[in-house]
Structures are given as structure tokens and as C-alpha cells.
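Report on the following structure.
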């Protein structure tokens, strides 16, 4: 009996933890990590601030976990495309378009993940996830080099360059000032332009020549 | 008389502020922002911790100022090369080699500036300085496009990609684990390889073709 009580309590604890993380994720989607205060989160989750601290030692720890969950989803989505069918150059182009479309689809979250100034615990996670992205590109570059599509002297350094170029290409267009400009009708960077320029930059950098012309379809929900 | 006393006091205050910043810079050069604690800094500077707080409200503010001073030096050094004489592609290659050499020359500082997890106040500065670097590249890209050297559809997006690629190419080789490996004789990324791969990546990405073969001279103090 004592065992069953304990087990059900652990279940309840885990369910509450998931509920808190879902509420925290929603806050970051809406207003970035700046909107993730412990007090507002406790209100959203319908619990006392003290209960929050039973599950997460501090805001940095919580933010790092929100970051890691959201980033893992991006890494998995990208991996699926990069490890799919077809020539390496095509997979890279598809992966870049999907990454950009997902970022565009949820701009505030994407900016929060890539560049929002935030707790060092999140910066730690950023370093780890940049390595996860680099690992995906290393694998693709090996394949593309083996098939003769890519002319890449150093796989690891080139993978790092890709990670940096992709992340940084998103920072400006996704930043809150750029978003405000766009919403006021003064936006300069549209999705199509960001996307095609990024694909051209990356494929050329790999010595893969010009990509075949293909339209970047901005996801329907975005407009 | 009262005026002169005040003026000399302001001079002394400014001299002490510069002294504190120089000591703080030295700590970051040695051990990154992790080594920049207020107590250790006060000891280095030979003042009481309380006096430190009269000049800098908190550690984040101090770290941000150390970051900004060190980064401005890098931006100015790069600007000098990028705005020098010769074809745009050559200036870019020279600028990249100089940037990499400076980073290699002071690895712990370079890693601290580019990627060390640190106070959000430093992250804010990182965003600003990434824009400063992007502005330099925008100007160079305009010139290279006008001269027919670069085939670049979007100047601003391409400049952002360059900033990201360059920064990220440095993170791995400069990171403390990589440094430890090198010092133990297991290093994989040598300066020559990082440097030439970065130049190839960037020039090809701009449609500038292969760079002329040129040796990257690693600065003497590094080895």
C-alpha cells in the first residue's frame, strides 16, 4: 500500500512537472525568455510559486529545460530531412528551407532559442545544441563529399560554419525590432528572400554550385 | 578651489575606473568571464570590494564593459583590413586571416567574447557587436558586388551569414576542451587548417571562386 501511494505520488509529480514545462514553453513562445518569470508562470500553471521551486531550483534551470526540449524538437526535425532520400545537396536545401520555415512560423520562440540574451544556463545549452546541429551537418557533409557533390576540405570546421551561418541569418529577420517593423508594414526581409539567400550561401560555400531553382513555400499559418 | 578639488577627484575616479577595467580585462584573458568575480577583482586592483561597487553596479555591468572594450578593438582591427587597399576578395581573405590569428593569439579571451556562457548583459553586447561586424561586411559586400567580384543577392543576409560562420568556426577550436586536448598533444584543428578552411568557405559562399593559395602565418607568440 505504501509503495502504491508513493508510485502514484511520483506520477502526479511528473504530471505537474510536465504541466509546468508546457506553461513555461507557452510563455516563451509568446514573449521570449523575458516573459518567463517564476511568478507569472506559477499563475499560468495555477500553483503557488513555492511549488514551482520544488520542481525547478531556479529560473535558469527551468529556462534551460524549456530551451533543451524546444531545441531537441528542431534538431529532430532537421535530422529527419537531412537523413532522408536523395542527393546530399538537395537534402541540405530542403533542411534549410524547413528550418527557416519553422523559425518563421514561430518567430518569437526561434529568436529566444537562437539569440535572446538570457541566463548563462541557457547559454550552456546553446553550446551543446550547436554541437548537435554540427554533428548532423558533419554526417551530411561526409556523404556529400563521398558522392562528389561537396568539395569540403575540413568536415568539422565546415559544419561549424554552416551552423553559425544558419543561426545568424535568422537572428536579424526574427529579432523583435524586425518583427515590429514588419507588422508596421516596413519589413525588408521576407521569408522567400531569407530562405533562398541562405540556401545559395550554404550550397556555394560547400562547392556545390547553384541550387536548382525551387520556390520556398512559406507555411500557410504564417501570413 | 572647490572646483579644482572636484575636478581632481573626478580625474582620480576615472583613473581608478580604468585601472579596474584593466585588471578585469586581465582576468578574462587568463580565465574567461568565469574568472571575473568581484572579490578576486578587488584583490587584483588593490581596493575594497565596496569601492568596486561604487564604479560598477554589478558584475554584469562590469563584464559588459570589458566585453565592449575588447570587442571594439577587434572590430577596429578588422575594419582597418577590410577598408584597406586591393580587391574586395583579397581584403576579406586578409581580414579573416587576421581575425583568426588574433583569436588564436588570445584563445581564452576570444572564446569568452564569442561563446562563453555568461551574464545576459554580455549577451546584449554580443548582439550589438554582431551588428557592428555585419555592418563592416555589408560595406565590403557592396564594394565587391559593384566590382563584380561577389555574386551576392542579399547584402544584409549574406553579411549575417558571414558573421555567424566566422564566429562559429572559432568556437570549437578555441573552446577550453579543445585547448586542453591541444596542450596534451591531441589537438586536431591547427591554425593553418582552421584559417584556410574558413577563407575557402566564405569566398566560395560569395561566389568569389577559390582564393589564391596563400600561407596563413600563425603568429610567433602562439606556439
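The values are calculated or read from the model by the stated rules, or taken from the named source; none is laboratory data. Here the structure is a predicted model, which means the values were calculated and not measured. All Cβ positions, glycine included, derive from the backbone under ideal geometry; neighbour counts span all protein chains shown.
Numbers below:
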read-out	value
Any hit, segment B:149-161, residues being farther than 24 Å from residue A:100 by Cβ and assigned by TED's automatic domain parsing to the domain that holds residue B:201	yes
Test result for residue B:107, closer than 23 Å to residue A:127 by Cα and modelled with pLDDT under 95	yes
Some residue of segment A:46-53 being closer than 30 Å to residue A:139 by Cβ, touching a residue at least 24 places away in the same chain (Cβ under 8 Å) and out of contact with any strand residue (DSSP E or B) (no Cβ under 9 Å at 6 or more places or on another chain)	no
Count of segment A:145-155 residues which are more than 22 Å from residue A:84 (Cβ to Cβ) and surrounded by 20 or more Cβ atoms within 10 Å (Cβ to Cβ)	1
Checking residue A:15 against (1) in contact (Cβ under 8 Å) with a residue 12 or more places away in the chain; (2) part of a helix (DSSP H, G or I); (3) more than 30 Å from residue A:194 (Cβ to Cβ), the condition it does not meet	(1)
Selection count where residues are away from every other protein chain (no Cβ under 13 Å) and crowded, with 18+ Cβ neighbours inside 10 Å, scope segment B:133-144	3
Test: residue A:210 is within 13 Å of chain B (Cβ to nearest Cβ), at pLDDT below 95 and within 25 Å of residue B:204 (Cα to Cα)	yes
Single unsatisfied condition, residue A:120 versus (1) surrounded by 21 or more Cβ atoms within 10 Å (Cβ to Cβ); (2) facing chain B (nearest Cβ under 8 Å)	(1)
Some residue of segment B:3-16 being under 24 Å from the mean Cα position of the chain (by Cα) and on the phi < 0 side of the Ramachandran plot	no
Checking residue B:147 against (1) within 21 Å of the chain's Cα centre (by Cα); (2) touching a residue at least 40 places away in the same chain (Cβ under 8 Å), the condition it does not meet	(1)
Conditions (1) away from every other protein chain (no Cβ under 14 Å); (2) surrounded by 17 or more Cβ atoms within 10 Å (Cβ to Cβ); (3) under 20 Å from residue B:176 (Cα atoms); number of the one not met by residue B:105	(2)
